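All of the numbers you see were taken from the coordinates with simple rules; none came from a lab. Since we're looking at a predicted model, the values are computed, not measured. Heads up, the Cβs are rebuilt from the backbone with ideal geometry, glycines too, and the neighbour counts pull from every protein chain shown.
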Amino acid sequence: MTEQIIKWYNKNKRDLPWRDNKDPYIIWVSEIILQQTQIKTGIPYFKKFIKKFPNIESLANSQEKELLKIWEGLGYYNRALNMLETAKIIVFNLNNIFPNKYQDLLKLKGIGSYTAAAISSICFDQKIGVVDGNVYRVLTRYYNIEDPINQIGTKRKIQEIANKLVTHKKPGLYNQAIMDFGSIQCKKHEPKCDICPLKNKCKSFKANTVKFRPVKSNKKYQKKRYLNYFICCNKKKIIINQRDSSNIWKKLYELPLIETNKEYSTIEALQNDYFKNKKVSKMQLLQKMTHHLSHQKLIISFWLIESQLNEPILKQKMIHISEIQNFPFPKPIQKFLQLFFNK
DNA sequence: CATCCGTGGGA
DNA sequence: TTCCCAAGGAT
């Protein structure tokens, strides 16, 4: 199987900006960006990132805010914060030497089994199998594995299989090959089984279960949240706040927020429930939108307000609207600010 | 271990 | 419209 996938890869490999590169910094950046992110989405972010932070020293010496600005819109913002922490550790505590062993890489923030396998195999020729979404699909089909892949036991089992398949003298080449194979050939929708070089040995192909692999056991429930944002716009200045690390959109900026337990459509009702005792001269609903996160559905209302609503809000910061572009915002707020100020 | 953490694209 | 999920990891 290994050799057939390598052969397939030599004919069908994709040309990617980080490919044919063994610099652990470059590979690390690309792997973190690509976590749960489609390649097409990741490529422009990778280019921006490397241009801004061409080496690990520049990243280690950067500010959280400028890093998040590069990451803005990509999601899973903890990835960026973890990268900064790890860059500092490597540069300042490890004599600027990138760890080259799987087990040592695993100790770093933001590097789990997949990323440790990728870096150690691609950059340092360690024979550890990468197991990402593509590999789960290829292996559960090839071996017709019907155990749910989101269970710990199945994960261990597939990691072991993946490790045994890394027999090639260039483990990193093989690891990238099986991922490309899963992405292009053994893809989720309409896999090209008719021209697949593995179809004679593929157990799911024989059993006609290809489209049912892999099996997942979970169903997730989307919690609803109601966010009310207030734009306190005063002579070309607005108030923004920085979110903390406890919740969604870690360390990103947002407008003054009141989270409610239901949706409000009128000023009177919202005012009555949340600022009955405050004087608000003018308040108006500007925009409503819904925004889906992987586990939450956000119902967002943007209100224009004239009194500044100072008291319940900590860490508040007044900025000129020309400074907006310097701050990283979550996607829906970015959209709103664009709508509001580009009229 | 189950749940949390973003966003965009495809069916 | 709604659901799934993509070069996953932390807690």
*Given the Cα-Cα distance of A:His291 and A:Ile6 and 0.36 nm per residue of separation, how much length would full extension add, in nm?*
98.5 nm
*Going by alpha carbons, how many degrees (0 to 90, nearest 10) lie between the helix axis of A:39-52 and the longest principal axis of chain A?*
70 degrees
_Packing-based exposure ordering (other Cβ within 10 Å, fewest first) of A:Ile33, A:Ile6_ = A:Ile6, A:Ile33
*Calculate the dipole size of the range A:223-341 relative to its Cα centre from +1 charges on Lys and Arg beta carbons and -1 charges on Asp and Glu beta carbons; express the result in debye to the nearest 20.*
200 debye
*When Lys and Arg each count +1 and Asp and Glu each count -1, what net charge do the other residues less than 11 Å away from A:Ile178, Cβ to Cβ, add up to?*
-1
_With Cα atoms, 0 to 90° folded angle of helix A:24-33 axis to chain A main axis_ = 60 degrees
*Can you work out the PRE-style zone for A:Asn61? Point 7 Å along Cα to Cβ, and I want the residues of the range A:15-48 with backbone N under 11 Å.*
none
*When DSSP assigns beta bridges and you keep just the ones with both residues in chain A, what percent turn out antiparallel, to the nearest 5?*
70 percent
*Under 15 Å from a point 7 Å along the Cα-to-Cβ line of A:Asp20: which residues of the range A:153-186 have their amide N that close?*
A:173
*asked:* Under a crude label model (7 Å from the Cα following the beta-carbon direction), how far is A:Glu146 from A:Ile97 in nanometres?
replied: 5.1 nm
*Dipole-positive endmost among A:Phe181, A:Leu165, A:Ser217 within the range A:158-240 (Cβ charges, Cα centre)*: A:Ser217
*Provide A:Met83, A:Met283 in ascending order of the number of other Cβ atoms located within 10 Å of each residue's Cβ, fewest first.*
A:Met283, A:Met83
*asked:* Using a 7 Å offset from the Cα along the Cα-to-Cβ direction at both A:His189 and A:Asn247, what is the distance between the two label points in nm, to one decimal?
replied: 3.5 nm
_Just to confirm my numbers, what's the Cα centroid distance between the range A:324-338 and the range A:155-191 in Å?_
38 Å
_Positive minus negative residues near A:Pro197 (Lys, Arg vs Asp, Glu; Cβ under 12 Å)_ = +3
*Unit charges at the beta carbon, dipole of chain A: most positive-side option, A:Leu257, A:Ile239, A:Tyr45*: A:Tyr45
_Degrees, to the nearest 10: A:113-124 long Cα axis against longest axis of chain A_ = 60 degrees
*Sparsely packed GluC sites (Glu not before Pro) within the range A:65-155, loop by DSSP, other Cβ within 10 Å at most 12*: none
_Could you tell me how far the Cα centroid of the range A:5-61 sits from the Cα centroid of the range A:259-281, in Å?_
47 Å
*asked:* Once R0 is set to 25 Å, what does the formula 1/(1 + (r/R0)^6) return for the Cβ-Cβ distance between A:Ile267 and A:Asn342, expressed as a FRET efficiency to the nearest 0.05?
replied: 0.50
*Mind running the shape call on chain A? Use the C-alpha gyration tensor, a ≥ b ≥ c as the square roots of the eigenvalues: rounded below 1.5 for a/c, prolate if a/b tops b/c, oblate otherwise.*
prolate
*asked:* What does the charge count around A:Lys48 come to, taking other residues whose C-beta lies under 15 Å from its C-beta (Lys +1, Arg +1, Asp -1, Glu -1)?
replied: +4
